[in-house]
Ligand SMILES: Nc1ncnc2c1ncn2[C@@H]1O[C@H](COP(=O)(O)OP(=O)(O)OP(=O)(O)O)[C@@H](O)[C@H]1O
Ligand SMILES: [Mg+2]
């Protein structure tokens, strides 16, 4: 039996007349990494602030470790590590001092684990925070959160300022957390970023959860964008049902989307036509939302 650590049930949150969360229901189980994705303004950070007891909901239920996140926030916080989307740091303290301070605020202290993480993310902890780039500010918050002993780790778009090497370091660390039985809620607006490590994905749009499931169940969302140029004409691509939004720029140059599990047969077909150039891009969620969810309903063409 799966043990739910975070439970959100029909949560609604209004700011004045604006309904930021209309219907948010999902759970995060123990030992699970949950990817929480949606475009800008969808309600990811608002949901996370609700979970942290920073915003009071208008109706519904929000619980962590079986306790109400608003009423029991002090007790719950002992078991949570959190990295906000917009990291605030005290400008006149050094990175090292801030890591110590963040740990102390959570009744914890610097450990060999902290030192290992500082080395891993290659952060110069002797510099004052006001000199840090966005990526370095994010590293300070990540190092402090990852070296905390907690049961639940919540990251709000943690890799948006990190370069690929540091992003990979972050992913490795999150997988370590999972291996030791921790639960992770990871928000992002890029599907390809979370699909590598998440067990399940929840998609939010305009304050409502519109999709959730494991990666296999979400396959239909992961279409690749392909631009190809071939020696032979490409017109018969029009007859392939698994090729979507086909645009024939010329007889020999096409642009389309293809489901990942149909990629192999697409490549076989294309290679028969003598490929001159081919470019494939994994879709961002924004692309998907723009093309499939324009009218609020899932239209797979
Ligand atoms: N304190 C607030 N007062 C009024 N409106 C708010 C407040 N906080 C958030 N909102 C609105 O609620 C909606 C959801 O915002 P939220 O920050 O949760 O989005 P998000 O999914 O985190 O987006 P992003 O990817 O840009 O971080 C937005 O339309 C935002 O303008
Ligand atoms: Mg946000």
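The values are calculated or read from the model by the stated rules, or taken from the named source; none is laboratory data. All values reported here derive from a predicted model rather than from experimental measurement. Cβ coordinates were reconstructed from backbone atoms using ideal geometry, including for glycine residues, and neighbour counts include every protein chain displayed.
Residue-wise test of (1) closer than 19 Å to residue 143 by Cβ; (2) more than 16 Å from ligand 2 (Cβ to nearest atom).
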| residue | (1), (2) |
| --- | --- |
| 159 | yes, no |
| 174 | yes, yes |
| 180 | yes, yes |
| 192 | no, yes |
Exercise for review: Determine whether residue 125 is at negative phi and touching a residue at least 40 places away in the same chain (Cβ under 8 Å).
Suggested key: no
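Looking for something under 21 Å from the mean Cα position of the chain (by Cα), within 16 Å of ligand 2 (Cβ to nearest atom) and buried (at least 18 other Cβ atoms within 10 Å of the Cβ) - is there at least one such residue anywhere in region 85-101? Reasoning before the result, please.
So in region 85-101, the residues under 21 Å from the mean Cα position of the chain (by Cα) come out as 85-88.
Still in the running and within 16 Å of ligand 2 (Cβ to nearest atom): 85-88.
Okay, now just the ones that are also buried (at least 18 other Cβ atoms within 10 Å of the Cβ), so 87.
Yes, the conditions are met somewhere in region 85-101.
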Exercise for review: Among residues belonging to region 235-251 that are in contact with a strand residue (DSSP E or B) (Cβ under 7 Å, 6 or more places away or on another chain) and in contact (Cβ under 8 Å) with a residue 24 or more places away in the chain, point out the one that is farthest from residue 222 (Cα to Cα).
Suggested key: 237
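On the given criteria, is residue 224 in contact with a strand residue (DSSP E or B) (Cβ under 6 Å, 6 or more places away or on another chain), farther than 28 Å from residue 10 by Cβ and at pLDDT 85 or above?
On the way: in contact with a strand residue (DSSP E or B) (Cβ under 6 Å, 6 or more places away or on another chain): yes; farther than 28 Å from residue 10 by Cβ: yes; at pLDDT 85 or above: yes.
Here the answer is yes, as residue 224 does meet what is asked.
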Point to revise | Odd one out for residue 72, checked against (1) modelled with pLDDT of 95 or more; (2) surrounded by 13 or more Cβ atoms within 10 Å (Cβ to Cβ); (3) within 28 Å of residue 18 (Cβ to Cβ) | key: (1)
Check your understanding: Out of the residues in region 5-19 that are crowded, with 18+ Cβ neighbours inside 10 Å and more than 22 Å from residue 178 (Cα to Cα), which is nearest to ligand 2 (Cβ to nearest atom)?
Key -> 13
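Identify the residue in region 37-50 that is in contact with a strand residue (DSSP E or B) (Cβ under 6 Å, 6 or more places away or on another chain) and at pLDDT 95 or above and, among all such residues, is nearest to ligand 2 (Cβ to nearest atom). Can you show your working first?
Of region 37-50, the ones in contact with a strand residue (DSSP E or B) (Cβ under 6 Å, 6 or more places away or on another chain) are 37-38, 42-48, 50.
Add one more test, that the residue is at pLDDT 95 or above, and what stays is 43-48, 50.
Numbers: 43: 8, 44: 5, 45: 3, 46: 8, 47: 9, 48: 8, 50: 13 Å.
By that ranking, first place goes to 45.
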Practice item. Please enumerate the residues belonging to region 106-120 that are in a loop (DSSP other than H, G, I, E, B), under 25 Å from the mean Cα position of the chain (by Cα) and free of Cβ contacts under 8 Å to residues at least 40 places away in the same chain. Key: none
Review point. What number of residues in region 198-219 are within 18 Å of residue 29 (Cα to Cα), over 9 Å from the mean Cα position of the chain (by Cα), touching a residue at least 60 places away in the same chain (Cβ under 8 Å) and not in a loop (DSSP other than H, G, I, E, B)?
Key: 6
Check your understanding: Looking only at residues in region 20-69 that are more than 16 Å from ligand 1 (Cβ to nearest atom) and in a loop (DSSP other than H, G, I, E, B), which one is surrounded by the most Cβ atoms within 10 Å (Cβ to Cβ)?
Key -> 32
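Within region 121-197, which helices (runs of 4 or more DSSP H) (wholly inside it) include 1 or more residues that are crowded, with 18+ Cβ neighbours inside 10 Å and within 16 Å of ligand 1 (Cβ to nearest atom)? Walk me through how you get there before you give the answer.
Working: elements: 134-146, 164-179, 191-195.
Of the helices (runs of 4 or more DSSP H) lying wholly inside region 121-197, those with at least 1 residues that are crowded, with 18+ Cβ neighbours inside 10 Å and within 16 Å of ligand 1 (Cβ to nearest atom) span 134-146, 191-195.
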